[in-house]
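Novice: This is the structure, below, for whatever I ask next.
A short reminder: the numbers here are calculations on the coordinates, not readings from a lab. Just so we're clear, the structure is a prediction, and the values are computed from it rather than from any experiment. For neighbour counting, all protein chains shown are included, and Cβ atoms are generated from backbone atoms with ideal geometry for every residue, glycine included.
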Amino acid sequence: MLQRCVIYLFIAICSSSCGSDEPEIENACNLIDCATVSLRLEFVAAATGEDLFSNNTFDISSLQMINIQTNEAVNFYAETFGPGDRTVIVLPSFVENSTLENYQIFIPDIFDMAFRFSVEVDSDPCCLLNSYSNVAVEADDITIENTGFASYRLLF
């Protein structure tokens with residue numbers, strides 16, 4: 001009888017120490033590294049393809065962006081790739097859909113353009129995804145070119 005109790009106790013201890021190999025749903029998101037896609041802009045010379053910040057035609061510290069609807073400054077940041085070869089302006093990501101974002105992008109006394117786009121926010125169980133559409137620019141002598149997913153060149 002004592003042997004049976006010891007065997008049952010041993011089986012109970014072994015069974016209770018078994019864990020599941022699959023993470024729980026709420027903890028699964030901790031295993032995923034989310035990178036929300038932000039709208040990215042390059043400022044390049046239309047004739048040569050040269051980056052206008054890297055060649056010092058434009059000064060990055062003078063670049064300004066205003067959200068026309070809220071009349072507030074847009075907190076963008078700049079990424080530089082290579083030894084000053086390419087500068088990309090990255091706009092903040094969105095948490096809500098917007099059918100029309102209107103920005104004014106300018107460097108005083110150099111250029112001034114209207115910039116607009118739509119954004120759709122899709123959240124899977126773990127990550128926030130931004131999809132951009134209707135991206136357009138309104139300015140004399142400036143055109144826009146789609147260079148990939150959420151990446152655009154402004155051609156001066």
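Novice: Return yes when S151 is under 16 Å from the mean Cα position of the chain (by Cα) and either of a type in the set (V, I, T) or farther than 29 Å from L31 by Cα (or both) and no when it is not. Before you say what the answer is, go through the steps one by one.
Specialist: Details: under 16 Å from the mean Cα position of the chain (by Cα): yes; either of a type in the set (V, I, T) or farther than 29 Å from L31 by Cα (or both): no.
Here the answer is no, as S151 does not meet what is asked.
Novice: Would you check which residues across the range 98-156 are of a type in the set (D, E, K, R) and on the phi < 0 side of the Ramachandran plot and list them? Write out each step before concluding.
Specialist: To start, the set of residues in the range 98-156 that are of a type in the set (D, E, K, R) comprises 101, 109, 112, 116, 120, 122, 124, 138, 140-141, 145, 153.
Listed by number, the residues that qualify are E101, D112, R116, E120, D122, D124, E138, D140, E145, R153.
Novice: Only one of these is of a type in the set (S, T, Y) and within 29 Å of L31 (Cβ to Cβ): S123, S98, S62. Name it. Before the answer, list the steps.
Specialist: On the way: S98 fails: within 29 Å of L31 (Cβ to Cβ); S62 fails: within 29 Å of L31 (Cβ to Cβ).
After ruling out the rest, the residue left standing is S123.
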